[in-house]
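A.B. asks: Before anything else, here's the structure in question.
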Amino acid sequence: MTSGPAPSDLIGAAILGGACAAVVACAELWIRYGNPRPEWTRKLVHVAGGMCCRLFPFFVQSMWVVGILALAMSGLFTLGAHAGFLKCLHSVERKSRGSEYYPIAIFLVFAFSAGDTWLYVASVLVLAVADAGAALIGGEYGRIRYQVEDSQKSLEGSLVFLVIAFLAIHLPLLLMTDLP
């Protein structure tokens, strides 16, 4: 007979889910009552949501609890895209399903890291910070452009990704393992 998830997992999921919902709510208020570029609110959710999700191994042990939370967030983001709400995620001019897949990616990283906290933290930092940094810097300051499939990238954005990804992997590896 299996018992349900531990109460501490449910409390942790509620705390982190609430934090992620607060991030989305703040971004939604900002886009509705401020005048930011849509990409900025999207990246706010990307980075701040990722920083909340980075804490999963410290609050939740059950892969299934993280999976259910990821499916709920992904479903909400998908519904927002189709029903016309969550402008903070869906107001960018380009076609993107990234916000819908992002929670699923967080779940997969949690599942595949198999309890290696440093690996999970490093992976989420790359996903959350390096990608957003590259997009923001490359979009704003990128002058040297190149083509990747159907999209334009910039050398400047790619270099920012490289530096942030290096630090995002290197620092957890040094601080969270016994590697000398």
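The values are calculated or read from the model by the stated rules, or taken from the named source; none is laboratory data. In this text, all values refer to a predicted model and were calculated from it rather than measured experimentally. FYI the Cβ positions are ideal-geometry reconstructions off the backbone, even for glycines, and counts take in every protein chain you see. All accessible areas refer to the heavy atoms of the entire protein, side chains included, with ligands and DNA or RNA removed. Shrake-Rupley method; radii C 1.70, N 1.55, O 1.52, S 1.80 Å.
A.B. asks: Give me the residue from the stretch 99-152 that is over 11 Å from the mean Cα position of the chain (by Cα) and acidic (Asp, Glu) and, out of that set, modelled with the lowest pLDDT.
C.D. replies: Per the stated criteria, the residue is Asp150.
A.B. asks: So, restricting to helices (runs of 4 or more DSSP H) that lie completely within the stretch 1-118, which ones have at least 1 residues that are of a type in the set (Phe, Trp, Tyr)? Walk me through it before giving the result.
C.D. replies: Working: elements: 7-33, 38-53, 56-59, 63-83, 87-90, 98-113.
By residue number, 7-33, 38-53, 56-59, 63-83, 98-113.
A.B. asks: Quick check on Leu44: is it touching a residue at least 40 places away in the same chain (Cβ under 8 Å) and out of contact with any Leu (no Cβ under 9 Å at 6 or more places or on another chain)?
C.D. replies: Working: touching a residue at least 40 places away in the same chain (Cβ under 8 Å): yes; out of contact with any Leu (no Cβ under 9 Å at 6 or more places or on another chain): yes.
Spelling it out, Leu44 is indeed touching a residue at least 40 places away in the same chain (Cβ under 8 Å) and out of contact with any Leu (no Cβ under 9 Å at 6 or more places or on another chain).
A.B. asks: Taking only the stretch 11-46 into account, find how many residues are crowded, with 19+ Cβ neighbours inside 10 Å and of a type in the set (A, V, I, L, M, F, W, C).
C.D. replies: 9
A.B. asks: Look at the stretch 147-180 and say how many of its residues are of a type in the set (A, V, I, L, M, F, W, C), under 30 Å from Gly115 (Cβ atoms) and surrounded by 11 or more Cβ atoms within 10 Å (Cβ to Cβ). Let's see the steps before the verdict.
C.D. replies: Residues of the stretch 147-180 of a type in the set (A, V, I, L, M, F, W, C): 148, 155, 159-169, 171, 173-176, 179.
Keeping just the survivors that are under 30 Å from Gly115 (Cβ atoms) gives 161-169, 171, 173-176, 179.
Filter once more, keeping what is surrounded by 11 or more Cβ atoms within 10 Å (Cβ to Cβ): 161-169, 171, 173-174, 176.
Residues that pass the stated criteria total 13.
A.B. asks: Is it fair to say Val129 is in a loop (DSSP other than H, G, I, E, B), among the β-branched types (Val, Ile, Thr) and open to solvent by less than 80 Å² (accessible area, probe 1.4 Å)? Don't jump to the end; show me each part of the working.
C.D. replies: Numbers: in a loop (DSSP other than H, G, I, E, B): no; among the β-branched types (Val, Ile, Thr): yes; open to solvent by less than 80 Å² (accessible area, probe 1.4 Å): yes.
For Val129, the condition - in a loop (DSSP other than H, G, I, E, B), among the β-branched types (Val, Ile, Thr) and open to solvent by less than 80 Å² (accessible area, probe 1.4 Å) - is not met.
A.B. asks: Which of (1) at pLDDT 95 or above; (2) open to solvent by 20 Å² or more (accessible area, probe 1.4 Å); (3) closer than 18 Å to Cys20 by Cα; (4) in contact with a Pro (Cβ under 8 Å, 6 or more places away or on another chain) is the odd one out, the single condition Met73 does not satisfy?
C.D. replies: (1)
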